[in-house]
Amino acid sequence: MSKRTIAVKPESEPRPARQADWEIVEPGAPANFASFSWSITEVASVGGRTRIRSRTTRWTDGKLASERFEGELESGAYQRLAAQAQAQFAEQVRALMQPMRWLWPSFKE
């Protein structure tokens, strides 16, 4: 095995930074990286009337906001809301089970 010499260049002296090389960035508003939202809606049929109660709480931009309301509707509104909720749930279950339909013993194309 032969020995070879390696030439190393001398390190150059670092030059001082010029003012034109700097970028001055002003501090901005504090970044709001988190937000929170919570809501609840209660629907009940009481005495032939549909009662709705709702409450929402949000925390965004460092501020907490809360809203709530109560109201009553005719009795048919409860049946319509329940039917819509059941249909929406059935559609979500169908979409979830669709990829696995070939595993069902009764599946035939």
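No lab work stands behind these numbers, since they all come straight from the coordinates. Just so you know, these numbers come straight off a predicted model, no measurement behind them.
For the chain, the convex hull drawn through the C-alpha positions has a volume of 417 cubic angstrom per residue.
Annotation: amide H-H contacts under 5 Å for residue 75 (H modelled 1.01 Å from N, sequence separation of 5 or more, or interchain): 50.
Annotation: extensible slack from residue 106 through residue 4 equals 28.8 nm (criterion: 0.36 nm per residue apart, minus Cα-Cα distance).
Dividing the summed helix terms, -39500 (n - 2.57) for each DSSP H run of n ≥ 4, by the number of residues in the chain produces a 222 nm estimate of -7000 deg cm²/dmol to the nearest 500. Between residue 41 and residue 26, the contour length at 0.36 nm per residue exceeds the Cα-Cα span by 0.9 nm.
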